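Undergrad: Quick one: structure below, then a few questions.
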């Protein structure tokens, strides 16, 4: 009989969204007359941009002609998309070689799979609250995890620790942050890069929400920081940038100058390891999807998706205004589509979830589902319909706390 990976038994049940679904379904069954407004899940609602659709339609037609049909493509992505992403980074002042860019089916996959190229003896540091994938993928491998306090005292933007007895080998950072919506400034991110370089640590930088940063003083890529190519891997996604949550496409940047040690103490280039991993375990993103993704980075595509981003950020402004009107402490909502609010009257996260559901039929996400430091906080997203967002906030302002 085969043996399992016992580390999977150490995982907590993924109860957060299943519990939310159960509570919502029960509420809908008991109150069919009430209009439910969902502001919990981080899925987009705006359709794909016309430029993206046009590119996909052309690619579909190509697949129907012998002369332009595509079979297996390169596992790391087609050159035309590499070049499009490369040009996008150049606009941020970041110079990349095209073979430092790897096309994938989304940031979540790569954030989880990147652990394949690292030894299980590595010590991992993650902020708390945290995107659950960072934690669970390392538990699956049996790695030691240490938690960095991300809380109201540091505006949910923790800086490098000075009092740790153990130095982390791998550090997860996310900015703009999911779930808190907080964004590192250039000085703060520089401190993290310096810490990683000083301690020979590697930063896994999740930049899935970089497109929502409109403040030009804030870095959208960790590679805007000097020295980052020697200590960081960056994960990006078109899910929120261009509505690809259902079509699936993202990209990961692994600089050639980034190295780690093998068991003999020799330095190994991680770019080559990730290429080897991808060509072995991943068959690549479909050609049609990659053509649509490339259209995102054209002048026409950028203009169209920026309209969608403006739409979501206006939703965020509406939510933030409602928080201010009620005197609720909150984070995010400015350069991020997430609003992370402190539950009023010291309510627990799940109690506040029940309160909003039963009193005004609005669904959000309890902060406790993202870690211990999420208790007492609550996440609302700006990805909904405009009219529904306005109505939800009018209901919210009617509450008495």
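The values are calculated or read from the model by the stated rules, or taken from the named source; none is laboratory data. For clarity, every value in this text was computed on a predicted model and none was experimentally measured. With ideal geometry, Cβ positions are generated from the backbone for all residues, glycine too; neighbour counts draw on all protein chains shown.
Undergrad: Which condition number in (1) in contact (Cβ under 8 Å) with a residue 40 or more places away in the chain; (2) touching a helix residue (DSSP H, G or I) at 6+ places or on another chain (Cβ under 6 Å); (3) not assigned by TED's automatic domain parsing to the domain that holds residue 366 is the one that residue 82 fails?
TA: Checking residue 82 against (1) in contact (Cβ under 8 Å) with a residue 40 or more places away in the chain; (2) touching a helix residue (DSSP H, G or I) at 6+ places or on another chain (Cβ under 6 Å); (3) not assigned by TED's automatic domain parsing to the domain that holds residue 366, the one that fails is (1).
Undergrad: Of all residues in segment 90-109 being touching a residue at least 24 places away in the same chain (Cβ under 8 Å), touching a helix residue (DSSP H, G or I) at 6+ places or on another chain (Cβ under 9 Å) and in a helix (DSSP H, G or I), which is surrounded by the fewest Cβ atoms within 10 Å (Cβ to Cβ)?
TA: From segment 90-109, those touching a residue at least 24 places away in the same chain (Cβ under 8 Å) are 92-94, 96-97, 99-109; that's our starting set.
Subsequent filtering for residues that are touching a helix residue (DSSP H, G or I) at 6+ places or on another chain (Cβ under 9 Å) retains 92-94, 96-97, 99-108.
Filter once more, so that each one left must be in a helix (DSSP H, G or I): 99-100, 107-108.
Values: 99: 14, 100: 23, 107: 26, 108: 19.
Of everything passing the filter in segment 90-109, 99 is surrounded by the fewest Cβ atoms within 10 Å (Cβ to Cβ).
Undergrad: Are any residues in segment 305-339 in contact with a strand residue (DSSP E or B) (Cβ under 9 Å, 6 or more places away or on another chain) and surrounded by fewer than 17 Cβ atoms within 10 Å (Cβ to Cβ), and if so, which ones?
TA: Within segment 305-339, 324, 329 qualify.
Undergrad: Out of the residues in segment 242-267 meeting the condition of being buried (at least 24 other Cβ atoms within 10 Å of the Cβ) and out of contact with any strand residue (DSSP E or B) (no Cβ under 6 Å at 6 or more places or on another chain), tell me which one is nearest to residue 382 (Cα to Cα).
TA: 242
Undergrad: Name the residues in segment 165-200 that are in a loop (DSSP other than H, G, I, E, B) and surrounded by 22 or more Cβ atoms within 10 Å (Cβ to Cβ), would you?
TA: Listed by number, the residues that qualify are 168, 175, 176, 177, 178, 179, 180, 181, 182, 183, 184.
Undergrad: Here is a further query. Restricting the search to segment 28-46, which residues are touching a residue at least 12 places away in the same chain (Cβ under 8 Å), surrounded by 12 or more Cβ atoms within 10 Å (Cβ to Cβ) and out of contact with any strand residue (DSSP E or B) (no Cβ under 9 Å at 6 or more places or on another chain)? Explain how you work it out, then say what you get.
TA: Taking segment 28-46 as the starting set, the residues that turn out to be touching a residue at least 12 places away in the same chain (Cβ under 8 Å) are 31, 34-46.
Now drop any that are not surrounded by 12 or more Cβ atoms within 10 Å (Cβ to Cβ), which leaves 31, 34, 36-46.
Result: 31, 34, 44, 45, 46.
Undergrad: I'm trying to understand the selection: among the residues of segment 47-89, which are surrounded by 16 or more Cβ atoms within 10 Å (Cβ to Cβ) and more than 15 Å from residue 289 (Cβ to Cβ)?
TA: Answer for segment 47-89, where residues must be surrounded by 16 or more Cβ atoms within 10 Å (Cβ to Cβ) and more than 15 Å from residue 289 (Cβ to Cβ): 86, 88, 89.
Undergrad: Let me ask another. Which of the residues that make up segment 298-351 are farther than 30 Å from residue 81 by Cα, free of Cβ contacts under 8 Å to residues at least 12 places away in the same chain and in contact with a helix residue (DSSP H, G or I) (Cβ under 9 Å, 6 or more places away or on another chain)?
TA: Matches in segment 298-351: 327 only.
Undergrad: Please state which of the following conditions residue 246 fails to meet, knowing it meets all the rest: (1) assigned to a loop (DSSP other than H, G, I, E, B); (2) closer than 25 Å to residue 74 by Cβ; (3) touching a residue at least 24 places away in the same chain (Cβ under 8 Å).
TA: (3)
Undergrad: Sticking with this one: For segment 221-250, which positions are more than 12 Å from the chain's Cα centre (by Cα) and closer than 30 Å to residue 57 by Cβ? Break it down stepwise before answering.
TA: Pass one, segment 221-250, residues more than 12 Å from the chain's Cα centre (by Cα): 221-233, 242-244, 246-249.
Across segment 221-250, the qualifying residues are 242, 243, 244, 246, 247, 248, 249.
Undergrad: Condition (residue is free of Cβ contacts under 8 Å to residues at least 60 places away in the same chain, assigned to a helix (DSSP H, G or I), assigned by TED's automatic domain parsing to the domain that holds residue 254 and exposed (fewer than 13 other Cβ atoms within 10 Å of the Cβ)) applied to segment 111-121: is it met by at least one residue? Give the derivation first.
TA: The initial filter retains those residues of segment 111-121 that are free of Cβ contacts under 8 Å to residues at least 60 places away in the same chain, namely 112, 115, 120-121.
Imposing the further condition that a residue be assigned to a helix (DSSP H, G or I) reduces the set to 112, 115.
Remaining after also requiring assigned by TED's automatic domain parsing to the domain that holds residue 254: 112, 115.
Next, only the ones that are exposed (fewer than 13 other Cβ atoms within 10 Å of the Cβ) stay: none.
Checked against the condition, which is being free of Cβ contacts under 8 Å to residues at least 60 places away in the same chain, assigned to a helix (DSSP H, G or I), assigned by TED's automatic domain parsing to the domain that holds residue 254 and exposed (fewer than 13 other Cβ atoms within 10 Å of the Cβ), segment 111-121 yields no hits at all.
Undergrad: Restricting attention to segment 361-380, which residues are outside any strand (DSSP E or B) and free of Cβ contacts under 8 Å to residues at least 60 places away in the same chain? It would help to see each step written out before you state the result.
TA: Taking segment 361-380 as the starting set, the residues that turn out to be outside any strand (DSSP E or B) are 361, 364, 367-376.
Once the filter is applied, which keeps residues that are outside any strand (DSSP E or B) and free of Cβ contacts under 8 Å to residues at least 60 places away in the same chain, segment 361-380 yields 368, 375, 376.
Undergrad: Considering each residue of segment 226-239, count those that are in a loop (DSSP other than H, G, I, E, B) and surrounded by 22 or more Cβ atoms within 10 Å (Cβ to Cβ), and give that number.
TA: The number of residues fulfilling the criteria is 2.
Undergrad: Condition test on residue 321, is it modelled with pLDDT of 95 or more, in the same structural domain as residue 87 (by TED's automatic domain parsing) and either on the phi < 0 side of the Ramachandran plot or not in a loop (DSSP other than H, G, I, E, B) (or both)?
TA: Values: modelled with pLDDT of 95 or more: yes; in the same structural domain as residue 87 (by TED's automatic domain parsing): no; either on the phi < 0 side of the Ramachandran plot or not in a loop (DSSP other than H, G, I, E, B) (or both): yes.
Considered against the rule, which asks whether it is modelled with pLDDT of 95 or more, in the same structural domain as residue 87 (by TED's automatic domain parsing) and either on the phi < 0 side of the Ramachandran plot or not in a loop (DSSP other than H, G, I, E, B) (or both), residue 321 comes out as no.
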